[in-house]
1. Just the residues that are part of a helix (DSSP H, G or I), within 20 Å of residue 73 (Cα to Cα) and within 19 Å of the chain's Cα centre (by Cα), please, taken from the stretch 144-173.
2. Does residue 80 meet the test of being surrounded by fewer than 20 Cβ atoms within 10 Å (Cβ to Cβ) and within 21 Å of residue 138 (Cβ to Cβ)?
3. If you scan the stretch 82-116, which residues turn out to be more than 16 Å from residue 57 (Cβ to Cβ) and at pLDDT 95 or above?
4. Answer yes or no as to whether residue 32 is closer than 30 Å to residue 170 by Cα and at pLDDT below 90.
5. Checking residue 64 against (1) at pLDDT below 95; (2) in contact with a Lys or Arg (Cβ under 8 Å, 6 or more places away or on another chain); (3) of a type in the set (A, V, I, L, M), which test does it fail?
6. Give just the number: which of (1) exposed (fewer than 12 other Cβ atoms within 10 Å of the Cβ); (2) touching a Gly at 6+ places or on another chain (Cβ under 9 Å); (3) among the aliphatic types (A, V, I, L, M) does residue 137 not satisfy?
7. Hey, any hits in the stretch 124-137 for a residue that's under 17 Å from the mean Cα position of the chain (by Cα), within 14 Å of residue 79 (Cβ to Cβ) and assigned to a helix (DSSP H, G or I)?
Amino acid sequence: MKQLSQKNSVEDENFKNRIASKLFQKYEKYLDEGNTGPTWLNQVEVAKIVADSIHFRDGNDYDLYAYCIMSNHVHLVFRHLKKSKKKSSISRLLPVTRIMKNLKSYTGLQANKILNRKGSFWQDESFDRLIRNETELENVIRYTIYNPVKAYLVKSWKDWSYTYCKKDFLEGV
């Protein structure tokens, strides 16, 4: 009886994973089309603020591997760098959460100045993912930099102004 229960549990988990994957793919398709939500990142000044801010934190908060700034979202791949712990409410957050909070806070404020607007610039939530091995890392970097190609905006990822890939990973992509 226990074996049957475990088998059903595994099948249920596999089913849930397939459904989650299909929902994610559908969501990504709409996001990649660049027609959903605000498209403020289409503006060169706004995209430049985000790109400059991402590069500014490289070597301090994280080791930057890749990013792609699309019209309505950003993909960012990095390895967190351990730093000394500071006593603040922000330092109690997980490293990725803290990094994203700081990045979104600064870029949102600066972008809103350019756009002459107030209010939230970024969505509250981020889709954060832990990368567990080199194969997965290569796949995530490839997915990130090929985002504008997949959206039929350019033929080569190198032609997209706001795509970056660290030289160490170029051979894998």
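1. First, the residues of the stretch 144-173 that are part of a helix (DSSP H, G or I): 144-145, 147-150, 157-159, 167-172.
After this cut, where a residue has to be within 20 Å of residue 73 (Cα to Cα) as well, the list is 144-145, 147-150, 157-159.
Listed by number, the residues that qualify are 144, 145, 147, 148, 149, 150, 157, 158.
2. Values: surrounded by fewer than 20 Cβ atoms within 10 Å (Cβ to Cβ): yes; within 21 Å of residue 138 (Cβ to Cβ): yes.
Considered against the rule, which asks whether it is surrounded by fewer than 20 Cβ atoms within 10 Å (Cβ to Cβ) and within 21 Å of residue 138 (Cβ to Cβ), residue 80 comes out as yes.
3. Once the filter is applied, which keeps residues that are more than 16 Å from residue 57 (Cβ to Cβ) and at pLDDT 95 or above, the stretch 82-116 yields 111, 112, 113, 114, 115, 116.
4. Numbers: closer than 30 Å to residue 170 by Cα: yes; at pLDDT below 90: yes.
It is true that residue 32 is closer than 30 Å to residue 170 by Cα and at pLDDT below 90.
5. The one condition residue 64 does not meet is (1).
6. In the conditions (1) exposed (fewer than 12 other Cβ atoms within 10 Å of the Cβ); (2) touching a Gly at 6+ places or on another chain (Cβ under 9 Å); (3) among the aliphatic types (A, V, I, L, M), residue 137 misses (1) alone.
7. Of all residues in the stretch 124-137, those under 17 Å from the mean Cα position of the chain (by Cα) come to 124-132, 136-137.
Next cut, within 14 Å of residue 79 (Cβ to Cβ) only: 128-132, 136-137.
Right, trim to assigned to a helix (DSSP H, G or I) and you get 136-137.
Checked against the condition, which is being under 17 Å from the mean Cα position of the chain (by Cα), within 14 Å of residue 79 (Cβ to Cβ) and assigned to a helix (DSSP H, G or I), the stretch 124-137 yields at least one hit.
For every residue, the table says whether it meets (1) more than 20 Å from residue 107 (Cα to Cα); (2) surrounded by 11 or more Cβ atoms within 10 Å (Cβ to Cβ); (3) assigned by TED's automatic domain parsing to the domain that holds residue 52.
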residue	(1), (2), (3)
142	yes, yes, yes
145	yes, yes, yes
155	yes, no, yes
158	yes, yes, yes
161	no, yes, yes
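The values are calculated or read from the model by the stated rules, or taken from the named source; none is laboratory data. Note that the structure is a prediction, hence the values are computed from the model and not measured. Using ideal geometry, Cβ is built from the backbone for each residue, glycine included, and neighbour counts are taken over all protein chains shown.
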